[in-house]
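Enquirer: The structure follows.
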Amino acid sequence: MSENVSIEGVIKNIVKSGKVSIGYRTTVKNIKLGKAKAVIMASKIPRNIFDDIKYYSSLGNIPVLIYDGTSMDLGAILGKPFPVSSIAVIDLGNVSLDTIRELASKSMGGE
């Protein structure tokens, strides 16, 4: 695996080849239902949203990838004209779960 895999590239690849759910409520819903394979969050979101998603993801052992940017930046990567605080990845598409776990550990500071 390439060490220069960017989070933006992975997000774009997942959106093109897989299936995602956009938004805080649907992200938490998919985590609770066990449908989410991974979660992507913007780093600059309200603390209560951040904590809720982290808590439910830890219960389900779901990797959380933190995008270093605002929710507007995350929305722009998805091609949406509105802020996106979180994304639940339902189907990974062409991206392996190992790649997501590796990026998640790096984004959480667990290198």
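Enquirer: Mind checking the dipole of the chain: about its Cα centre, +1 per Lys or Arg Cβ, -1 per Asp or Glu Cβ, Debye to the nearest 20? Don't skip to the end; give the middle numbers.
Expert: Values: 14 positive and 10 negative charges, 105 e Å.
Around 500 debye, computed over the chain.
Enquirer: Straight-line reach from Lys44: which lysines have Cα under 18 Å away, leaving out those fewer than 8 places along the same chain?
Expert: The reachable lysines, counting only those whose Cα sits under 18 Å from Lys44, are Lys54, Lys80, Lys106.
Enquirer: Beyond 24 Å, what percent of the Cα pairs of the stretch 7-107 remain?
Expert: Numbers: 407 of 5050 pairs.
Counting pairs separated by more than 24 Å, the tail of P(r) holds 8 percent.
None of the figures in this text is laboratory data; all of them are computed from the coordinates on show. Everything numeric in this text was worked out from a predicted model, so none of it was measured. Please note: Cβ atoms are built from the backbone with ideal geometry, for glycine as well, and neighbour counts cover all protein chains shown.
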